[in-house]
Amino acid sequence: QVRLVESGGGLVQAGGSLGLSCVASGMLFSINALGWYRQAPGNQRELVAVITSGGSTNYLGSVKGRFTISRDNAKNTVTLQRNSLQPEDTAVYYCNAVITRWAGAPGYNYWGQGTQVTVSS
C-alpha cells in the first residue's frame, strides 16, 4: 500500500502565507514526479505545481512568483510554500505522486485525501 498524507491547510487572510506538506509512505521503490493540484467549488481540478525527480519545476501561471514547490527525496516529502495568498486561491489542495512500487514496474498516480485552504478577503 502507498499513502500520501497532506498537512498544513487552514484559514488565512489575503496576503498571508501558508505551507503545505505531503508525505508518501508504504512500499515504494521510487517517486517520480510530485505535484499539487487544487479544486475550487464548481471548478475542475487543476495542476498548481509539479516537480520532477530531477528537480525541474512547472507552475500554474497565476501562482508563478508566489508559490514554490520543493521536495526532499530522503524523506519522501513534497512541500508547497504559498505566499501572497488571494481569495481565488481558496480550494481543496491535493498532493499527487507518480510512484514506482518496485524495480521495473510502471509508475502509477497516487493521490492524497485533500486539504482545505480558505483565504479570506
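The values are calculated or read from the model by the stated rules, or taken from the named source; none is laboratory data. This one's a predicted model, so the numbers in the text were calculated from it and none came from an experiment. Virtual Cβ from ideal backbone geometry, glycine too; neighbours counted across all protein chains shown. In case anyone asks, the SASA skips ligands and DNA or RNA and just uses the protein heavy atoms, side chains included. Shrake-Rupley method; radii C 1.70, N 1.55, O 1.52, S 1.80 Å.
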query: Out of (1) assigned to a loop (DSSP other than H, G, I, E, B); (2) free of Cβ contacts under 8 Å to residues at least 60 places away in the same chain, what's the single condition that is false for Ser84?
result: (2)
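Please tell me if Leu28 is under 19 Å from Asn109 (Cβ atoms) and under 16 Å from the mean Cα position of the chain (by Cα).
no
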query: In the range 56-101, what residues are within 21 Å of Ala40 (Cα to Cα) and among the acidic types (Asp, Glu)?
result: Glu88, Asp89
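Report, by residue number, each residue of the range 43-97 that is charged (D, E, K, R) and open to solvent by less than 30 Å² (accessible area, probe 1.4 Å). First the steps, then the outcome.
To start, the set of residues in the range 43-97 that are charged (D, E, K, R) comprises 45-46, 64, 66, 71-72, 75, 82, 88-89.
Arg82, Asp89, listed by residue number.
For the range 29-39, enumerate the residues that are hydrophobic (A, V, I, L, M, F, W, C) and surrounded by 17 or more Cβ atoms within 10 Å (Cβ to Cβ). Spell out the reasoning first.
Residues of the range 29-39 that are hydrophobic (A, V, I, L, M, F, W, C), as a first pass: 29, 31, 33-34, 36.
Result: Ile31, Ala33, Leu34, Trp36.
Applying the selection to the range 1-16, what residues are open to solvent by 60 Å² or more (accessible area, probe 1.4 Å) and outside any strand (DSSP E or B)?
Within the range 1-16, Gln1 is the sole residue that qualifies.
Please find, among Asn96, Asn109, the residue that is within 10 Å of the chain's Cα centre (by Cα) and in a strand (DSSP E or B).
Working: Asn109 fails: within 10 Å of the chain's Cα centre (by Cα).
Going through Asn96, Asn109 in turn, just one is within 10 Å of the chain's Cα centre (by Cα) and in a strand (DSSP E or B): Asn96.
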message: Show the residue pairs meeting these rules: Cβ distance below 7 Å; 6+ apart or different chains; first residue within the range 15-38 and more than 19 Å from Thr57 (Cα to Cα) and touching a residue at least 24 places away in the same chain (Cβ under 8 Å); second residue open to solvent by 30 Å² or more (accessible area, probe 1.4 Å) and in a strand (DSSP E or B).
response: Ser25/Arg3; Gly26/Arg3
